[in-house]
Amino acid sequence: MLPADHVVLLHASTDRTESVILAAAGTADVWRWLRAPLKPGLAARAIETGEPQFVSDVIGDGARSAGSSMRSVLVVPVILRSTVFGVLEITDEHGRLTRRHVTLLRAFADQCAIAIDNLRSDKSART
């Protein structure tokens with residue numbers, strides 16, 4: 001459904017200075033639980049604005065030719081109780097992601113928010 005080389009669920013700290021990768025699949029699997037400063041970029045912009053960020057660009061010589069390749073990145077905020085919890089990020093090294101995939105990843109981000117909220121509710125009910 002989503003042509004991607006990796007998928008990452010990134011959680012942003014409350015003060016938006018740090019991030020941690022909570023879940024990862026594909027080539028990003030090795031990054032799980034990686035903590036890092038939240039630097040300016042697509043993820044930070046999606047967290048700040050609450051809006052999806054999409055980039056499709058050429059890697060290589062700067063012009064679409066046999067010596068270059070396409071890469072596309074889509075970052076969608078995961079909104080939990082009116083607050084941005086973090087983002088879902090997918091990257092495709094073959095440039096197959098399009099704006100049509102925004103709707104699909106947004107729906108998945110909504111499902112992630114519901115699952116996270118349910119988990120938090122279950123955890124607080126047990127304590």
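Scanning segment 78-92 for residues that are farther than 20 Å from Asp29 by Cβ and either β-branched (Val, Ile, Thr) or open to solvent by less than 10 Å² (accessible area, probe 1.4 Å) (or both) yields a count of 3.
Answer with yes or no whether Leu119 is touching a residue at least 12 places away in the same chain (Cβ under 8 Å) and either surrounded by 16 or more Cβ atoms within 10 Å (Cβ to Cβ) or under 19 Å from Leu22 (Cβ atoms) (or both). Considered against the rule, which asks whether it is touching a residue at least 12 places away in the same chain (Cβ under 8 Å) and either surrounded by 16 or more Cβ atoms within 10 Å (Cβ to Cβ) or under 19 Å from Leu22 (Cβ atoms) (or both), Leu119 comes out as no. Those strands (runs of 3 or more DSSP E) of segment 1-48 in which 1 or more residues are surrounded by fewer than 16 Cβ atoms within 10 Å (Cβ to Cβ) occupy 18-26, 35-37. Of the residues making up segment 97-125, those that are charged (D, E, K, R), modelled with pLDDT under 95 and in a helix (DSSP H, G or I) number 5.
The values are calculated or read from the model by the stated rules, or taken from the named source; none is laboratory data. Just so you know, these numbers come straight off a predicted model, no measurement behind them. No Cβ is skipped: glycine too gets one built from the backbone with ideal geometry, and neighbour counts run over all protein chains shown. For the accessible areas, the whole protein counts, side chains as well, though only heavy atoms, and no ligand, DNA or RNA atoms are used. Shrake-Rupley method; radii C 1.70, N 1.55, O 1.52, S 1.80 Å.
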